[in-house]
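Encoded as structure tokens, the structure appears first; notes follow it.
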Amino acid sequence: MKAVFFIVAGVIALVAMAFAYDMYGAPQFVPAPNNEQELDLGEPLGLVPEFSIETIDGRKASIGDFRGRVVILNFWATWCAICAVEMPDMLNLVDGYGGRVVFFAVSSDNKFEDIDRFINRHDDGLKKLFKSDNVYISLDKNRAITYDLFMTERYPETIIVAPNGDMVRKIVGEFEWGGDEIKQYLDMILRGYMNEAID
């Protein structure tokens, strides 16, 4: 009788975990607005917490320095297979916005050399994007930003920060960063911010 109880309890636990993953762990869909749609970002997740980083090439920056631009804040690691696959698309996406979008990639690797090795595995074109003015790759050695500040539990995790500092979208897990949905979403944020600035 006890064995049956444990089997049933185990099945219920597995179903609950699968449901929780589907609800909270799976990538969140970014809707593609049509041209007539008004800016509707939903309820912001709050103002992005202030933090500073030092990039792998020695630049220092604070998240608050980029008010007026969209920030794609990415928590990743070189040992994360999904992170490695999506990184080129993220870099190309940011490059296409000519400075209106900034990429903050906060790594949970153990040392700078891990990131250097990762970058050097790519072709020259991508290496150039890693070092562009709108890309900030940093190492979060003690995970103070990743875990303590943003409570990131699963890689990759990406937060889109609007020009006013509001965190407007959180995407956990694999996502199509080279697709039309995210481009239309970023265009919508930028268009809405420009309208607000004019008003």
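Every number in this text was worked out from the coordinates using simple rules, so none of it is lab data. Here the structure is a predicted model, which is why all the values come from computation and not from measurement. FYI the Cβ positions are ideal-geometry reconstructions off the backbone, even for glycines, and counts take in every protein chain you see.
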**Asked** Working out 0.36 nm times the residue gap between K60 and A81, then minus their Cα-Cα distance, what length gain in nm do you get to one decimal?
**Response** 4.8 nm
**Asked** HN-Hα J couplings of the stretch 56-70 from phi, Karplus 6.51/-1.76/1.60, θ = phi - 60°, integer Hz, Gly and Pro as x?
**Response** 5, 9, x, 7, 10, 8, 10, 4, x, 5, 10, 4, x, 10, 7
**Message:** Could you tell me which residue out of I171, I115, Y147 lies farthest along the dipole of the stretch 93-199 toward its positive end? Charges go on the beta carbon: Lys and Arg +1, Asp and Glu -1, centred on the Cα centre.
**Reply:** I115
**Complete:** Checked against a 25 Å limit on the C-alpha separation, the offending pairs among K60/K131; K127/K170; K60/K141; K60/K111 are K127/K170
**Request:** Note down the nm distance, to one decimal, between modelled labels 7 Å out along Cα→Cβ at H122 and at R191.
**Result:** 2.9 nm
**Order by protection proxy (mean Cβ within 10 Å, highest first), peptides 115-128, 77-90** = 77-90, 115-128
**Message:** Which order do the peptides 141-148, 155-162 come out in when sorted by mean C-beta neighbours inside 10 angstrom, highest first?
**Reply:** 155-162, 141-148
